[in-house]
Amino acid sequence: MQRSPGLVSIVIPCFDAGATLGETLESALRAGDCEVVVVDDGSRDELTLDVLADLPRDVRLIRQDNGGLPSARNAGIDAARGEFILPLDADDLIDSRYPDEARDVLMDRPDVGIVYCRADLFGAASGPYELAEFSLDEILVENCIFCTALFRKDDWGTVGGYNERMRRGREDHDFWLRLLGLGREVVRLDGTYFHYRIRPGSMNTGYSRDEYVEIYSEIFRDNADLYLENIEAIMRHRFALMDQLNDYQHRYGRLERLVSAHPRAYDALRGARRALRDRRRASDEPT
């Protein structure tokens, strides 16, 4: 694939996302002189197929059988002509200033490998997208960079792309760690240029404990050298959690022992509190 120096390729994986893909494309196309690549990851619903059949002429479409989000991202990046890559999920939005400002950082600073920005929420919830501020200590334990951040296509190739085994999520966390393993620095822009859609009920989704164990074990295996080089960060995190637990036990341990030793008295106290609360509510009701 012929590379275009300085070009940003916005890569949008899509699986049955016809209800939001059009709005996402509009935000990407407003970014100006960028390549926009949509990867159809085996979509089946009619709305999505209709949207894909009527894409603007300047949007490139890649089709593949359903392989999951990491596979679709890899396919789009592999086909992209840009020197720089900006992944964008098919239900999120970007500000038109984002690609240019992020590209300027990467072009001016060869030591930087990831550029992201501030973000906010829209849809079923609104407000700032609250993520911890980036540090190596933080990202070793929990991801603090959303997927829509700019990086070099060459770095993507060096680390072998996104881990396609991670179809259930956290593939971006794993990918950022592997870029950091190359010795790359991270820069966050001051502008709020990424808009993350919250769907109804999406804030209540999560993983079981066993799923967390499996996912993070995969991340640790993928980035074993980085974790070994920074094992002090993991130890600091572990002992900070122990301090929190000890503080909790100191503050509330005696109360828990009293409750365990006198369950009937505790139940009676709770009953009295409920009765008092009900009485107050009744007195506040209009007559």
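The numbers here are math on the coordinates, done by the rules we state, and not lab data. Because the structure is predicted, anything quoted here is derived from the model rather than measured. Don't worry about glycine lacking a Cβ; one is built from the backbone with ideal geometry, like all the others, and counts go over all protein chains shown.
Data for the structure
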{"read-out": "Simple label model, 7 Å out from Cα along Cβ direction - Phe239 to Asp65, nm", "value": "5.2 nm"}
{"read-out": "Gain in span if fully extended, Ser217 to Ile198, counting 0.36 nm per residue against the direct Cα distance", "value": "4.1 nm"}
{"read-out": "Spin-label pair Ala124/Asp104, simplified geometry with 7 Å Cα→Cβ offset, distance in nm", "value": "3.8 nm"}
{"read-out": "Residues with amide H under 5 Å from that of Val36, placed H, sequence gap 5 or more", "value": "Ile10, Arg60"}
{"read-out": "The range 4-229 - charge dipole about Cα centre, Lys and Arg +1 at Cβ, Asp and Glu -1, debye rounded to 20", "value": "220 debye"}
{"read-out": "In order through the range 217-224: 3J(HN,Hα) via Karplus (6.51 cos²θ - 1.76 cosθ + 1.60), integer Hz, x for Gly, Pro", "value": "5, 4, 4, 5, 5, 5, 10, 4"}
{"read-out": "Relative packing of peptides 62-75, 7-20 - highest average C-beta neighbours within 10 Å first", "value": "7-20, 62-75"}
{"read-out": "Average Cα contact separation per residue, the range 4-229, under 8 Å, 6 or more apart, as relative contact order %", "value": "23 percent"}
{"read-out": "Neighbour cut-off at most 16 other Cβ (10 Å), DSSP loop, chymotrypsin sites (Phe, Trp or Tyr not before Pro), the range 158-211", "value": "Tyr207"}
{"read-out": "Of all DSSP beta bridges in the range 90-208, antiparallel share, percent nearest 5", "value": "35 percent"}
